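Before any comments, here is the structure.
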Amino acid sequence: MRFENVLADINGFGRFQIMIIVISFIGRFTLPCHFMLNNFIAAVPSHHCNISSLDDGDHFRNLSQAERLVVSIPVQDDGTLSSCQMFAEPQYDLLLNPNMTDLPTVLCQNGWVYDNTTFKSTLTSQWDLVCDRRGKNKATATIFFIGVMFGAVTFGSLSDKFGRRIMLLVSYVSGMLFAVASAFSSSYVMFAVLRFFTGFCITGIVIVSAVLSVEWVDIEHRKLVGVIDSLSWTFGNTGFAAIAYFVTDWRWLIVSVTSPLLLAIFTWRWMPESARWLIANGKLEQAQTYLKKCATMNGTEELIHTLKTETLSTIVVTEKRDRTYSYLDLIRTPKMRKLALCTGALWFCVATIFYGISFNITGFGLNIYLTQFTYALIELPAKVSVYYLLDKIGRRRTEVGAMLLAAVCLGINIVVPTDMSVVRTVVAVIGKGFSSASFGTVVLYSSELYPTVVRQNGMGYNSFMARFGVAVAPLILLLDDVWKELPQVVLCSAAVVGGIVARMLPETRNRCLPETIEDIEEQW
(Lines give C-alpha, C1' and ligand atoms only; values in the text may rest on other atoms or scores of the structure.)
Protein backbone atom coordinates (compact mmCIF):
# COMPACT_ATOMS: atom_id res chain seq x y z
CA MET A 1 0.00 0.00 0.00
CA ARG A 2 1.23 3.51 -0.85
CA PHE A 3 0.71 6.74 1.03
CA GLU A 4 -1.07 8.13 -2.05
CA ASN A 5 -3.85 5.58 -1.46
CA VAL A 6 -4.40 6.92 2.05
CA LEU A 7 -4.41 10.53 0.79
CA ALA A 8 -6.93 9.63 -1.92
CA ASP A 9 -9.32 8.30 0.75
CA ILE A 10 -9.21 11.46 2.90
CA ASN A 11 -8.90 14.01 0.03
CA GLY A 12 -5.36 14.82 -1.01
CA PHE A 13 -6.11 18.48 -1.63
CA GLY A 14 -8.68 20.05 0.69
CA ARG A 15 -8.86 22.66 3.43
CA PHE A 16 -6.10 20.92 5.37
CA GLN A 17 -3.61 21.21 2.50
CA ILE A 18 -4.66 24.80 1.78
CA MET A 19 -3.93 25.64 5.43
CA ILE A 20 -0.39 24.24 5.06
CA ILE A 21 0.18 26.27 1.89
CA VAL A 22 -1.03 29.52 3.51
CA ILE A 23 1.13 29.05 6.61
CA SER A 24 4.15 28.26 4.43
CA PHE A 25 3.43 31.32 2.27
CA ILE A 26 3.63 33.62 5.30
CA GLY A 27 6.96 32.26 6.48
CA ARG A 28 8.52 32.28 3.02
CA PHE A 29 7.81 35.99 2.35
CA THR A 30 10.95 37.12 4.16
CA LEU A 31 13.28 34.76 2.26
CA PRO A 32 13.51 36.54 -1.12
CA CYS A 33 13.87 39.84 0.73
CA HIS A 34 16.94 38.58 2.59
CA PHE A 35 18.33 36.87 -0.49
CA MET A 36 18.10 40.12 -2.49
CA LEU A 37 18.95 42.37 0.45
CA ASN A 38 22.50 43.14 -0.68
CA ASN A 39 21.17 44.83 -3.81
CA PHE A 40 20.10 47.70 -1.54
CA ILE A 41 21.93 47.56 1.79
CA ALA A 42 25.25 47.19 -0.06
CA ALA A 43 24.38 49.59 -2.89
CA VAL A 44 27.20 51.94 -3.88
CA PRO A 45 26.01 55.58 -3.96
CA SER A 46 27.84 58.12 -6.11
CA HIS A 47 30.93 59.16 -4.17
CA HIS A 48 34.19 61.04 -4.39
CA CYS A 49 37.13 61.74 -2.13
CA ASN A 50 36.61 63.98 0.87
CA ILE A 51 38.47 67.13 -0.22
CA SER A 52 38.46 68.94 3.12
CA SER A 53 42.19 68.19 3.51
CA LEU A 54 42.91 70.38 0.44
CA ASP A 55 41.49 73.50 2.09
CA ASP A 56 44.54 75.78 1.97
CA GLY A 57 42.89 79.02 3.05
CA ASP A 58 40.61 81.79 1.81
CA HIS A 59 41.18 81.17 -1.90
CA PHE A 60 39.79 77.63 -1.69
CA ARG A 61 36.92 78.68 0.56
CA ASN A 62 35.85 81.42 -1.85
CA LEU A 63 35.22 78.86 -4.59
CA SER A 64 31.78 77.38 -5.19
CA GLN A 65 31.29 73.68 -4.45
CA ALA A 66 31.45 72.86 -8.18
CA GLU A 67 34.73 74.79 -8.54
CA ARG A 68 36.21 73.07 -5.50
CA LEU A 69 35.52 69.71 -7.11
CA VAL A 70 37.13 70.85 -10.39
CA VAL A 71 40.40 71.77 -8.67
CA SER A 72 40.37 68.75 -6.32
CA ILE A 73 39.07 65.69 -8.22
CA PRO A 74 40.32 64.40 -11.61
CA VAL A 75 37.77 63.71 -14.33
CA GLN A 76 37.53 60.22 -15.89
CA ASP A 77 37.25 59.44 -19.60
CA ASP A 78 33.42 59.29 -19.41
CA GLY A 79 33.27 62.80 -17.94
CA THR A 80 32.45 61.78 -14.36
CA LEU A 81 34.49 62.59 -11.29
CA SER A 82 36.96 59.94 -10.14
CA SER A 83 35.67 57.91 -7.20
CA CYS A 84 39.01 56.83 -5.82
CA GLN A 85 41.57 59.53 -6.64
CA MET A 86 42.16 63.20 -5.86
CA PHE A 87 44.84 65.76 -6.65
CA ALA A 88 47.75 65.95 -4.26
CA GLU A 89 47.08 69.70 -3.97
CA PRO A 90 44.47 72.08 -5.44
CA GLN A 91 44.93 72.56 -9.21
CA TYR A 92 43.60 76.12 -9.67
CA ASP A 93 44.83 76.21 -13.28
CA LEU A 94 42.00 73.83 -14.18
CA LEU A 95 39.53 76.67 -13.70
CA LEU A 96 41.12 78.37 -16.71
CA ASN A 97 42.19 75.32 -18.70
CA PRO A 98 40.05 72.24 -17.88
CA ASN A 99 41.87 70.14 -20.51
CA MET A 100 45.11 69.90 -18.56
CA THR A 101 46.29 66.30 -18.12
CA ASP A 102 48.99 64.28 -16.33
CA LEU A 103 48.46 66.15 -13.07
CA PRO A 104 49.75 64.36 -9.93
CA THR A 105 47.02 62.37 -8.13
CA VAL A 106 46.85 60.33 -4.95
CA LEU A 107 44.35 57.89 -3.47
CA CYS A 108 41.65 59.38 -1.24
CA GLN A 109 43.40 60.69 1.86
CA ASN A 110 40.50 61.52 4.17
CA GLY A 111 37.65 59.16 3.36
CA TRP A 112 34.77 59.75 0.95
CA VAL A 113 31.69 61.90 0.52
CA TYR A 114 28.53 60.04 -0.57
CA ASP A 115 25.42 61.12 -2.43
CA ASN A 116 22.52 60.48 -0.02
CA THR A 117 19.79 61.29 -2.55
CA THR A 118 18.74 57.65 -3.07
CA PHE A 119 19.98 55.97 0.11
CA LYS A 120 20.09 57.49 3.55
CA SER A 121 22.68 54.93 4.64
CA THR A 122 24.21 51.73 3.21
CA LEU A 123 26.94 49.33 4.24
CA THR A 124 29.11 51.09 1.67
CA SER A 125 28.81 54.52 3.27
CA GLN A 126 28.81 53.07 6.81
CA TRP A 127 32.23 51.40 6.50
CA ASP A 128 33.64 52.96 3.27
CA LEU A 129 33.46 49.73 1.24
CA VAL A 130 34.60 51.34 -2.01
CA CYS A 131 37.70 51.43 -4.22
CA ASP A 132 40.28 49.02 -2.76
CA ARG A 133 37.61 47.76 -0.32
CA ARG A 134 35.11 47.00 -3.08
CA GLY A 135 35.66 43.27 -2.64
CA LYS A 136 34.45 43.46 0.97
CA ASN A 137 31.19 44.94 -0.28
CA LYS A 138 30.55 41.98 -2.61
CA ALA A 139 31.80 39.59 0.07
CA THR A 140 28.85 40.38 2.35
CA ALA A 141 26.53 38.61 -0.10
CA THR A 142 28.92 35.70 -0.50
CA ILE A 143 29.28 35.33 3.29
CA PHE A 144 25.49 35.27 3.70
CA PHE A 145 25.07 32.60 1.05
CA ILE A 146 27.88 30.47 2.45
CA GLY A 147 25.82 30.48 5.65
CA VAL A 148 22.76 29.50 3.62
CA MET A 149 24.79 26.75 1.96
CA PHE A 150 25.83 25.09 5.23
CA GLY A 151 22.43 25.74 6.79
CA ALA A 152 20.75 23.84 3.97
CA VAL A 153 22.83 20.74 4.69
CA THR A 154 22.30 21.03 8.45
CA PHE A 155 18.56 21.61 8.38
CA GLY A 156 18.09 18.96 5.71
CA SER A 157 19.75 16.38 7.94
CA LEU A 158 18.11 17.50 11.18
CA SER A 159 14.60 17.61 9.72
CA ASP A 160 15.01 14.05 8.44
CA LYS A 161 16.16 13.06 11.94
CA PHE A 162 13.89 15.12 14.22
CA GLY A 163 10.98 15.97 11.93
CA ARG A 164 9.96 18.76 9.57
CA ARG A 165 7.73 20.70 11.97
CA ILE A 166 10.11 21.34 14.87
CA MET A 167 12.99 22.31 12.59
CA LEU A 168 10.73 24.81 10.83
CA LEU A 169 10.17 26.57 14.16
CA VAL A 170 13.90 26.51 14.94
CA SER A 171 14.57 28.15 11.57
CA TYR A 172 11.91 30.83 12.16
CA VAL A 173 13.14 31.85 15.61
CA SER A 174 16.91 31.64 15.09
CA GLY A 175 16.74 33.32 11.67
CA MET A 176 14.77 36.24 13.10
CA LEU A 177 17.10 36.72 16.09
CA PHE A 178 20.31 36.74 14.03
CA ALA A 179 18.79 39.01 11.35
CA VAL A 180 17.65 41.64 13.86
CA ALA A 181 21.00 41.44 15.67
CA SER A 182 22.85 42.06 12.39
CA ALA A 183 20.90 45.31 11.93
CA PHE A 184 22.59 46.69 15.04
CA SER A 185 26.13 45.68 14.13
CA SER A 186 28.84 48.10 15.26
CA SER A 187 31.54 46.87 12.86
CA TYR A 188 31.90 45.23 9.46
CA VAL A 189 33.26 42.01 10.97
CA MET A 190 30.35 41.78 13.40
CA PHE A 191 27.88 42.32 10.55
CA ALA A 192 29.55 39.68 8.36
CA VAL A 193 29.47 37.08 11.15
CA LEU A 194 25.81 37.75 11.97
CA ARG A 195 24.83 37.67 8.30
CA PHE A 196 26.49 34.25 8.03
CA PHE A 197 24.36 32.92 10.87
CA THR A 198 21.25 34.63 9.49
CA GLY A 199 21.75 32.78 6.21
CA PHE A 200 22.53 29.54 8.07
CA CYS A 201 19.30 29.65 10.07
CA ILE A 202 16.85 31.17 7.60
CA THR A 203 17.45 28.60 4.88
CA GLY A 204 15.62 25.96 6.91
CA ILE A 205 12.38 27.75 6.09
CA VAL A 206 12.52 27.12 2.37
CA ILE A 207 13.68 23.52 2.31
CA VAL A 208 11.45 22.34 5.18
CA SER A 209 8.26 24.13 4.07
CA ALA A 210 8.69 23.02 0.45
CA VAL A 211 8.99 19.37 1.44
CA LEU A 212 6.14 19.59 3.96
CA SER A 213 3.81 20.98 1.31
CA VAL A 214 4.67 18.33 -1.28
CA GLU A 215 4.44 15.43 1.19
CA TRP A 216 0.85 16.28 2.16
CA VAL A 217 -0.74 16.55 -1.30
CA ASP A 218 -1.81 13.99 -3.89
CA ILE A 219 -0.13 13.43 -7.25
CA GLU A 220 -2.65 15.53 -9.16
CA HIS A 221 -2.01 18.69 -7.13
CA ARG A 222 1.75 18.42 -6.56
CA LYS A 223 2.57 20.77 -9.42
CA LEU A 224 0.03 23.33 -8.16
CA VAL A 225 1.60 23.32 -4.71
CA GLY A 226 5.08 23.60 -6.21
CA VAL A 227 4.07 26.62 -8.30
CA ILE A 228 2.28 28.31 -5.37
CA ASP A 229 5.35 27.84 -3.16
CA SER A 230 7.42 29.34 -5.93
CA LEU A 231 5.00 32.27 -6.30
CA SER A 232 5.56 33.13 -2.64
CA TRP A 233 9.09 33.99 -3.75
CA THR A 234 7.74 36.24 -6.50
CA PHE A 235 5.36 37.94 -4.08
CA GLY A 236 8.18 38.58 -1.61
CA ASN A 237 10.49 39.91 -4.31
CA THR A 238 7.85 42.30 -5.65
CA GLY A 239 6.99 43.56 -2.19
CA PHE A 240 10.67 43.96 -1.38
CA ALA A 241 11.13 46.53 -4.14
CA ALA A 242 8.42 48.68 -2.52
CA ILE A 243 9.80 48.22 1.00
CA ALA A 244 13.32 49.15 -0.14
CA TYR A 245 11.98 52.24 -1.90
CA PHE A 246 10.49 53.63 1.32
CA VAL A 247 13.06 52.34 3.83
CA THR A 248 16.40 53.77 2.71
CA ASP A 249 18.43 53.15 5.89
CA TRP A 250 20.13 49.75 5.75
CA ARG A 251 19.56 48.94 9.42
CA TRP A 252 15.80 49.55 9.34
CA LEU A 253 15.49 47.78 5.99
CA ILE A 254 16.82 44.58 7.58
CA VAL A 255 14.37 44.91 10.47
CA SER A 256 11.48 45.61 8.09
CA VAL A 257 11.97 42.54 5.91
CA THR A 258 12.53 40.29 8.95
CA SER A 259 9.34 41.32 10.80
CA PRO A 260 7.00 38.89 8.91
CA LEU A 261 8.70 36.05 10.80
CA LEU A 262 6.80 37.13 13.92
CA LEU A 263 3.55 36.24 12.17
CA ALA A 264 5.10 33.02 10.87
CA ILE A 265 6.05 31.97 14.41
CA PHE A 266 2.49 32.67 15.59
CA THR A 267 0.90 30.60 12.80
CA TRP A 268 3.36 27.70 13.22
CA ARG A 269 1.12 26.15 15.91
CA TRP A 270 -1.27 25.03 13.15
CA MET A 271 1.43 23.48 10.97
CA PRO A 272 1.19 19.65 10.99
CA GLU A 273 4.07 17.23 10.93
CA SER A 274 4.61 15.24 7.72
CA ALA A 275 2.61 12.01 8.00
CA ARG A 276 4.92 10.46 5.40
CA TRP A 277 7.92 11.16 7.61
CA LEU A 278 6.16 9.85 10.71
CA ILE A 279 5.23 6.59 8.97
CA ALA A 280 8.71 6.17 7.49
CA ASN A 281 10.13 6.55 11.01
CA GLY A 282 7.67 4.15 12.66
CA LYS A 283 5.67 6.85 14.49
CA LEU A 284 2.34 5.37 13.40
CA GLU A 285 0.14 6.76 16.18
CA GLN A 286 1.25 10.34 15.56
CA ALA A 287 0.74 9.86 11.82
CA GLN A 288 -2.74 8.53 12.53
CA THR A 289 -3.54 11.64 14.61
CA TYR A 290 -2.55 14.05 11.82
CA LEU A 291 -4.31 11.99 9.16
CA LYS A 292 -7.52 12.11 11.23
CA LYS A 293 -7.18 15.91 11.50
CA CYS A 294 -6.75 16.03 7.74
CA ALA A 295 -9.84 13.87 7.19
CA THR A 296 -11.91 16.01 9.57
CA MET A 297 -10.91 19.32 7.93
CA ASN A 298 -11.42 17.91 4.44
CA GLY A 299 -14.91 16.60 5.24
CA THR A 300 -14.11 12.89 4.96
CA GLU A 301 -14.79 11.95 8.62
CA GLU A 302 -16.62 8.79 7.56
CA LEU A 303 -13.28 7.32 6.48
CA ILE A 304 -11.43 8.03 9.74
CA HIS A 305 -12.11 4.51 11.02
CA THR A 306 -10.03 3.09 8.14
CA LEU A 307 -6.89 4.94 9.33
CA LYS A 308 -5.70 2.20 11.65
CA THR A 309 -2.06 1.80 12.63
CA GLU A 310 -2.12 -1.72 11.19
CA THR A 311 -3.06 -0.24 7.82
CA LEU A 312 -0.38 2.48 8.02
CA SER A 313 2.27 -0.08 8.93
CA THR A 314 1.95 -1.66 5.49
CA ILE A 315 2.95 1.53 3.62
CA VAL A 316 6.73 1.26 4.00
CA VAL A 317 7.86 -2.35 4.25
CA THR A 318 10.98 -2.67 2.09
CA GLU A 319 13.38 -0.97 4.52
CA LYS A 320 13.69 -0.85 8.31
CA ARG A 321 11.92 2.08 9.93
CA ASP A 322 14.30 2.27 12.87
CA ARG A 323 17.26 2.94 10.59
CA THR A 324 18.80 6.43 10.66
CA TYR A 325 19.43 7.88 7.21
CA SER A 326 22.19 10.34 6.42
CA TYR A 327 23.75 12.13 3.48
CA LEU A 328 25.89 9.03 2.86
CA ASP A 329 22.73 7.26 1.70
CA LEU A 330 22.66 9.62 -1.27
CA ILE A 331 25.81 7.96 -2.64
CA ARG A 332 25.69 4.38 -1.31
CA THR A 333 23.88 2.89 -4.31
CA PRO A 334 24.60 3.47 -8.04
CA LYS A 335 21.33 5.09 -9.12
CA MET A 336 21.03 7.26 -6.01
CA ARG A 337 24.61 8.38 -6.66
CA LYS A 338 23.76 9.33 -10.24
CA LEU A 339 20.62 11.14 -9.07
CA ALA A 340 22.54 13.15 -6.46
CA LEU A 341 25.30 14.06 -8.93
CA CYS A 342 22.85 15.27 -11.60
CA THR A 343 20.50 17.22 -9.32
CA GLY A 344 23.41 18.82 -7.46
CA ALA A 345 25.01 20.05 -10.67
CA LEU A 346 21.62 21.26 -11.96
CA TRP A 347 20.82 23.23 -8.80
CA PHE A 348 24.28 24.84 -8.90
CA CYS A 349 23.75 26.01 -12.48
CA VAL A 350 20.16 27.18 -11.92
CA ALA A 351 21.08 29.22 -8.83
CA THR A 352 24.19 30.72 -10.43
CA ILE A 353 22.33 32.14 -13.42
CA PHE A 354 19.22 33.17 -11.43
CA TYR A 355 21.19 35.18 -8.89
CA GLY A 356 23.85 36.26 -11.37
CA ILE A 357 21.06 38.08 -13.23
CA SER A 358 19.25 39.19 -10.05
CA PHE A 359 22.32 40.78 -8.44
CA ASN A 360 23.13 42.79 -11.57
CA ILE A 361 20.39 45.39 -11.08
CA THR A 362 22.83 48.30 -11.49
CA GLY A 363 24.61 46.87 -14.51
CA PHE A 364 22.27 48.37 -17.14
CA GLY A 365 22.17 52.00 -16.06
CA LEU A 366 18.47 52.19 -15.13
CA ASN A 367 16.68 52.90 -11.83
CA ILE A 368 17.49 50.07 -9.42
CA TYR A 369 14.02 50.03 -7.79
CA LEU A 370 12.33 49.76 -11.18
CA THR A 371 14.79 47.05 -12.27
CA GLN A 372 14.22 45.09 -9.04
CA PHE A 373 10.43 45.39 -9.41
CA THR A 374 10.54 44.33 -13.07
CA TYR A 375 12.85 41.42 -12.29
CA ALA A 376 10.33 40.27 -9.67
CA LEU A 377 7.24 40.88 -11.81
CA ILE A 378 8.53 38.84 -14.76
CA GLU A 379 8.52 35.79 -12.46
CA LEU A 380 4.71 35.80 -12.37
CA PRO A 381 4.04 34.95 -16.05
CA ALA A 382 7.08 32.66 -16.03
CA LYS A 383 5.74 30.58 -13.16
CA VAL A 384 2.15 30.58 -14.43
CA SER A 385 3.50 29.22 -17.71
CA VAL A 386 5.38 26.55 -15.76
CA TYR A 387 2.10 25.46 -14.15
CA TYR A 388 0.70 24.51 -17.55
CA LEU A 389 3.93 23.19 -19.03
CA LEU A 390 4.71 20.77 -16.17
CA ASP A 391 1.85 18.50 -17.24
CA LYS A 392 1.77 19.36 -20.94
CA ILE A 393 5.39 18.55 -21.73
CA GLY A 394 6.66 17.23 -18.39
CA ARG A 395 9.10 18.33 -15.72
CA ARG A 396 12.26 17.43 -17.60
CA ARG A 397 11.44 19.21 -20.86
CA THR A 398 10.28 22.31 -18.98
CA GLU A 399 13.56 22.45 -17.05
CA VAL A 400 15.73 21.86 -20.11
CA GLY A 401 13.84 24.43 -22.20
CA ALA A 402 13.94 27.13 -19.50
CA MET A 403 17.69 26.71 -19.00
CA LEU A 404 18.55 26.85 -22.69
CA LEU A 405 16.31 29.88 -23.34
CA ALA A 406 17.96 31.67 -20.40
CA ALA A 407 21.31 30.86 -22.03
CA VAL A 408 20.09 32.44 -25.29
CA CYS A 409 19.17 35.69 -23.48
CA LEU A 410 22.52 35.82 -21.69
CA GLY A 411 24.25 35.20 -25.01
CA ILE A 412 22.36 38.06 -26.68
CA ASN A 413 23.54 40.51 -24.00
CA ILE A 414 27.14 39.57 -24.72
CA VAL A 415 26.88 41.10 -28.21
CA VAL A 416 24.45 43.99 -27.51
CA PRO A 417 26.46 47.25 -27.07
CA THR A 418 26.69 48.56 -23.51
CA ASP A 419 25.26 51.96 -24.47
CA MET A 420 21.93 50.29 -25.42
CA SER A 421 20.90 50.06 -21.76
CA VAL A 422 17.15 49.71 -22.38
CA VAL A 423 17.60 46.82 -24.83
CA ARG A 424 20.05 45.07 -22.51
CA THR A 425 17.67 45.47 -19.58
CA VAL A 426 14.70 44.06 -21.53
CA VAL A 427 16.75 41.03 -22.62
CA ALA A 428 18.00 40.56 -19.05
CA VAL A 429 14.43 40.72 -17.71
CA ILE A 430 13.31 38.04 -20.19
CA GLY A 431 16.34 35.94 -19.20
CA LYS A 432 15.39 36.42 -15.54
CA GLY A 433 11.92 35.08 -16.41
CA PHE A 434 13.36 31.91 -17.93
CA SER A 435 15.78 31.43 -15.04
CA SER A 436 12.87 31.89 -12.63
CA ALA A 437 10.88 29.25 -14.51
CA SER A 438 13.84 26.85 -14.22
CA PHE A 439 14.12 27.51 -10.48
CA GLY A 440 10.39 26.99 -9.92
CA THR A 441 10.54 23.73 -11.83
CA VAL A 442 13.68 22.29 -10.25
CA VAL A 443 12.35 22.57 -6.66
CA LEU A 444 9.23 20.53 -7.42
CA TYR A 445 11.09 18.21 -9.79
CA SER A 446 13.77 17.34 -7.23
CA SER A 447 11.29 16.78 -4.39
CA GLU A 448 9.56 14.22 -6.63
CA LEU A 449 12.82 12.48 -7.58
CA TYR A 450 14.06 11.72 -4.05
CA PRO A 451 12.50 8.98 -1.84
CA THR A 452 10.72 9.90 1.39
CA VAL A 453 13.36 8.36 3.67
CA VAL A 454 16.06 10.73 2.37
CA ARG A 455 13.98 13.41 0.68
CA GLN A 456 14.89 16.11 3.19
CA ASN A 457 18.55 15.10 3.05
CA GLY A 458 18.35 15.23 -0.74
CA MET A 459 16.75 18.67 -0.73
CA GLY A 460 19.29 19.84 1.84
CA TYR A 461 22.13 18.67 -0.38
CA ASN A 462 20.56 20.29 -3.45
CA SER A 463 20.05 23.51 -1.55
CA PHE A 464 23.70 23.37 -0.47
CA MET A 465 24.75 23.14 -4.12
CA ALA A 466 22.38 25.97 -5.06
CA ARG A 467 23.71 28.25 -2.33
CA PHE A 468 27.24 27.44 -3.44
CA GLY A 469 26.18 28.75 -6.85
CA VAL A 470 24.62 31.83 -5.23
CA ALA A 471 27.77 32.49 -3.21
CA VAL A 472 29.80 32.36 -6.43
CA ALA A 473 27.41 34.68 -8.34
CA PRO A 474 28.61 38.01 -6.77
CA LEU A 475 32.20 36.99 -7.46
CA ILE A 476 31.35 36.24 -11.09
CA LEU A 477 30.09 39.82 -11.43
CA LEU A 478 33.51 41.07 -10.28
CA LEU A 479 35.02 39.51 -13.43
CA ASP A 480 33.93 42.62 -15.33
CA ASP A 481 37.29 44.09 -14.26
CA VAL A 482 38.96 41.51 -16.55
CA TRP A 483 36.52 41.91 -19.44
CA LYS A 484 33.23 43.77 -19.34
CA GLU A 485 31.22 40.87 -20.81
CA LEU A 486 33.01 38.02 -19.02
CA PRO A 487 30.28 37.65 -16.34
CA GLN A 488 27.67 37.18 -19.09
CA VAL A 489 29.86 34.55 -20.80
CA VAL A 490 30.28 32.57 -17.57
CA LEU A 491 26.54 32.72 -16.77
CA CYS A 492 25.60 31.71 -20.33
CA SER A 493 27.94 28.70 -20.12
CA ALA A 494 26.43 27.66 -16.79
CA ALA A 495 22.92 27.78 -18.29
CA VAL A 496 23.95 25.53 -21.20
CA VAL A 497 25.58 23.00 -18.84
CA GLY A 498 22.46 23.02 -16.66
CA GLY A 499 20.25 22.24 -19.65
CA ILE A 500 22.45 19.30 -20.62
CA VAL A 501 22.43 17.89 -17.08
CA ALA A 502 18.63 18.23 -16.75
CA ARG A 503 18.25 16.15 -19.91
CA MET A 504 19.84 13.20 -18.04
CA LEU A 505 17.16 13.04 -15.32
CA PRO A 506 14.05 10.81 -15.45
CA GLU A 507 10.53 12.20 -15.90
CA THR A 508 8.29 12.27 -12.77
CA ARG A 509 5.01 13.46 -14.30
CA ASN A 510 1.97 11.50 -12.97
CA ARG A 511 4.17 9.16 -10.92
CA CYS A 512 3.90 8.25 -7.23
CA LEU A 513 6.55 9.70 -4.94
CA PRO A 514 9.26 7.11 -4.26
CA GLU A 515 9.21 6.04 -0.59
CA THR A 516 12.49 4.11 -0.26
CA ILE A 517 15.95 3.92 -1.80
CA GLU A 518 14.94 0.55 -3.24
CA ASP A 519 12.23 2.34 -5.24
CA ILE A 520 14.93 4.45 -6.91
CA GLU A 521 17.18 1.47 -7.67
CA GLU A 522 14.25 -0.45 -9.20
CA GLN A 523 12.56 2.36 -11.16
CA TRP A 524 15.37 4.45 -12.65
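The values are calculated or read from the model by the stated rules, or taken from the named source; none is laboratory data. Note that the structure is a prediction, hence the values are computed from the model and not measured. Reconstructed Cβ throughout: ideal geometry from the backbone, glycine too, with neighbour counts over all protein chains shown. Protein only, heavy atoms only, side chains kept; ligands, DNA and RNA dropped before computing areas. Shrake-Rupley method; radii C 1.70, N 1.55, O 1.52, S 1.80 Å.
Accessible surface computed residue by residue for the chain, with neighbouring protein chains in place and a 1.4 Å probe, gives 41 Å² per residue.
If you model the range 326-523 as an ellipsoid using its alpha carbon gyration tensor, with each semi-axis the square root of five times an eigenvalue, the axes come out at 32, 17, 13 Å, biggest first.
Here the label points at Glu522 and Thr289, each 7 Å from Cα along the C-beta direction, are separated by 3.2 nm in the simple model. Within 14 Å, Cβ to Cβ, of Ser436, how many net charges do the neighbouring residues add up to if Lys/Arg are +1 and Asp/Glu are -1? Counting the neighbours of Ser436, the net charge comes to -1. Taking 4.7 Å between C-beta atoms as the pairing limit, the chain has these partnerless cysteines: Cys33, Cys201, Cys294, Cys342, Cys349, Cys409, Cys492, Cys512. For Arg509, the residues whose modelled amide H falls within less than 5 Å of its own, excluding neighbours fewer than 5 places apart on the same chain, are Arg395.
For Cα pairs less than 8 Å apart in space and 6+ apart in sequence, what is the mean separation divided by the residue count of the chain, i.e. the relative contact order in percent? Reported as a whole number, the value is 21 percent. Once the chain from Arg337 to Val489 is taken as fully extended at 0.36 nm per residue, the excess over their C-alpha distance is 51.7 nm.
Heavy-atom accessible area for Glu301, with the other protein chains in place and a 1.4 Å probe, reaches approximately 90 Å².
Residue ranking by accessible heavy-atom surface, 1.4 Å probe, largest first, among Ser182, Ser157 comes out as Ser157, Ser182. Excluding same-chain neighbours fewer than eight residues apart, the aspartates and glutamates reachable from Lys432 by a Cα-Cα span under 16 Å are Glu379, Glu399. Converting phi to 3J(HN,Hα) with the Karplus coefficients 6.51, -1.76 and 1.60 and the offset θ = phi - 60°, the range 398-411 yields 4, 5, 4, x, 4, 5, 5, 5, 5, 4, 4, 5, 5, x Hz in sequence order, with x at every glycine or proline. When peptides 213-221, 504-512 are ranked by their average number of other Cβ atoms within 10 Å per residue, the highest-first order is 213-221, 504-512.
Our coupling estimate for the range 171-177, obtained by passing each phi through the Karplus curve with A = 6.51, B = -1.76, C = 1.60 and θ = phi - 60°, is 5, 4, 5, 5, x, 5, 5 Hz, Gly and Pro reported as x. Counting only residues at least eight positions apart within a chain, or on another chain, the aspartates and glutamates with an alpha carbon under 18 Å from that of Lys484 are Asp77, Asp78, Asp419. Label sites at Lys120 and Tyr245, each approximated as a point 7 angstrom past Cα along Cα to Cβ, lie 1.8 nm apart.
Regarding the chain, what is the average projected area of its C-alpha convex hull, in nm²? Can you show the working numbers first?
Working: hull surface 101.2 nm².
Spelled out: convex hull of the Cα atoms, projected over all directions, averaged, 25.3 nm².
Taking amide H positions as modeled 1.01 Å from N, with prolines and chain starts lacking one, the residues under 5 Å from Gly111 and 5 or more places away or on another chain are Asn50.
Based on C-alpha pairs under 8 angstrom that are at least 6 apart in sequence, the range 326-523 has a relative contact order of 40 percent. Per-residue 3J(HN,Hα) values for the range 46-55, derived from phi via the Karplus relation 6.51 cos²θ - 1.76 cosθ + 1.60 with θ = phi - 60°, read 4, 8, 8, 4, 6, 9, 4, 5, 8, 5 Hz in sequence order (x marks Gly and Pro). The peptide list 398-407, 167-176, 434-443, put in order of mean Cβ contacts within 10 Å with the highest first, becomes 434-443, 398-407, 167-176. Against the chain, whose longest principal axis is taken from its Cα atoms, helix 222-246 shows a tilt of about 30°.
Exceedance of the 32 Å cut-off in Cα-Cα distance is limited, within the set Lys138/Lys335; Lys223/Lys292; Lys161/Lys292; Lys136/Lys161; Lys283/Lys383; Lys335/Lys392, to Lys138/Lys335; Lys136/Lys161; Lys283/Lys383.
Net charge of the neighbourhood of Pro487, taken over other residues with C-beta under 14 Å away and scored Lys/Arg +1, Asp/Glu -1, is 0.
With a 1.4 Å probe and every protein chain kept in, tell me what percent of the accessible surface of the chain is carbon plus sulfur. The computed percentage sits at 62.
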